[in-house]
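These notes are about the structure you will find just below.
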Amino acid sequence: MDAVSVIKNNMDAEKILRYYKIDFKYFGEYIRCCCPIHKGDNPTAFVINKDFLWCCHTNDCGAGDVFTLVEILEDIEFPQAVKKVAKILDIDIDSLVIAERKNDYLKDVERFMKYIKSKKKRKTDVKEYEIKAELHSVKKFRNFKEETLRHFDLTLAHKIELEKKDGGTFTFYERLVIPIIVNGIRIGISLRKTKAKDNPKWFHAPPSMETGEILYNIDSCKEYSEIIVCEGMFDVWRWYEAGFKNAVCTFGAHLTEEQCRTILKSGKDVVWSYDGDNAGLTATKNAIDKMRYKANQWVIKMPDGVDPGSCEIHELQELYKNRERIL
């Protein structure tokens, strides 16, 4: 095996970054930091994956692998960069041949760069979602306060037209309408049935909106140092009534990689508040494992079969007071 292959098989991105005194944070599966090439101050501009493929998406620094970066930072040729990386990682390559990288590496770099650029483009091209219905204010729903319903802009549509994935349209009747706001833009809506016989219970529109990439109510959490993560929208509303404006929901008992990245990017502490059923307990365990060593975590142990949305305000306040730190 040649030196390059040995180094790649023993890659330690953190060690490389620490050697060059580069501050970094994990955002899900990726590492982000200020670009060490153009010396920018955007702490998420430089993206690195586990194989140390990197891309700068705010300047013209391009993309590459660990050897490319070291070549640029040290102003040296490829063979010297290989030796430098081996030295940083404490890998003995004295008896190994330093062979040029195969062209496959360029394809990997290009694919990685295109993926990062496409993620950025998708997020910046979001347009305001148009609701094709006459909306009526809702003053009473379950046991929520009227002020809460106004705050989260709950309305009722007697008839609402929605787009299909294939471009056609269909109609729902008597649906509660909840706007989904991200970065101040209504990117979509969630519809909740009002009649037991109707299906589905929940429906999200437009079809292009991926709820797995969204944390409901995240816009309201910007000024807080922690967020409370729960399953559903009504859980968020109950936390709001209990005095906690910093609750978000993951649209179900599952934390996706994209939602995980959003939390890590915010730099906030996390309080897990999933339901007290088997699905909620499993979701809590999986979420804690995903975020372990990446963020400060606490967990709220809900009573068996209980969700935050069904709790009394004083019960939620007590549960929060007794939250447990995850070490």
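The values are calculated or read from the model by the stated rules, or taken from the named source; none is laboratory data. As the structure is a prediction and not an experimental result, all values here were calculated from the model. For neighbour counting, all protein chains shown are included, and Cβ atoms are generated from backbone atoms with ideal geometry for every residue, glycine included.
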Filter segment 183-218 down to residues that are part of a strand (DSSP E or B) and either in contact with a Lys or Arg (Cβ under 9 Å, 6 or more places away or on another chain) or closer than 14 Å to residue 133 by Cα (or both), then give me how many there are. 11
Could you list all residues from segment 37-85 that are of a type in the set (Lys, Arg) and within 15 Å of residue 7 (Cα to Cα)? 50, 83, 84
Criterion: within 22 Å of the chain's Cα centre (by Cα), part of a loop (DSSP other than H, G, I, E, B) and either modelled with pLDDT of 90 or more or not basic (Lys, Arg) (or both) - qualifying residue of 42, 59: 42
Please count how many residues of segment 62-78 are among the aliphatic types (A, V, I, L, M) and in a loop (DSSP other than H, G, I, E, B). 1
Determine the pairs where a residue that is closer than 17 Å to residue 48 by Cβ, located within segment 69-85, has a partner that is outside any loop (DSSP other than H, G, I, E, B) and polar (S, T, N, Q) with Cβ atoms under 9 Å apart, the partner being 6 or more residues away or on another chain. 70/80; 71/80; 81/68
Scan segment 233-271 residue by residue and report those that are of a type in the set (Val, Ile, Thr) and in a loop (DSSP other than H, G, I, E, B). 250, 256
Filter segment 223-232 down to the residues that are surrounded by fewer than 20 Cβ atoms within 10 Å (Cβ to Cβ) and either assigned to a strand (DSSP E or B) or in contact with a strand residue (DSSP E or B) (Cβ under 8 Å, 6 or more places away or on another chain) (or both) and list them by number. 225, 226
So which of 73, 17, 53 ends up being assigned by TED's automatic domain parsing to the domain that holds residue 93 and over 30 Å from residue 292 (Cα atoms)? 73
So is residue 52 farther than 16 Å from residue 265 by Cβ and among the aromatic types (Phe, Trp, Tyr) or not? yes
Kindly establish whether residue 274 is in a loop (DSSP other than H, G, I, E, B) and either in contact (Cβ under 8 Å) with a residue 12 or more places away in the chain or charged (D, E, K, R) (or both). yes
Would you say residue 84 is part of a helix (DSSP H, G or I), closer than 30 Å to residue 256 by Cα, charged (D, E, K, R) and not assigned by TED's automatic domain parsing to the domain that holds residue 256? no
Test for residue 135: is it free of Cβ contacts under 8 Å to residues at least 40 places away in the same chain, among the aliphatic types (A, V, I, L, M) and not assigned by TED's automatic domain parsing to the domain that holds residue 242: no
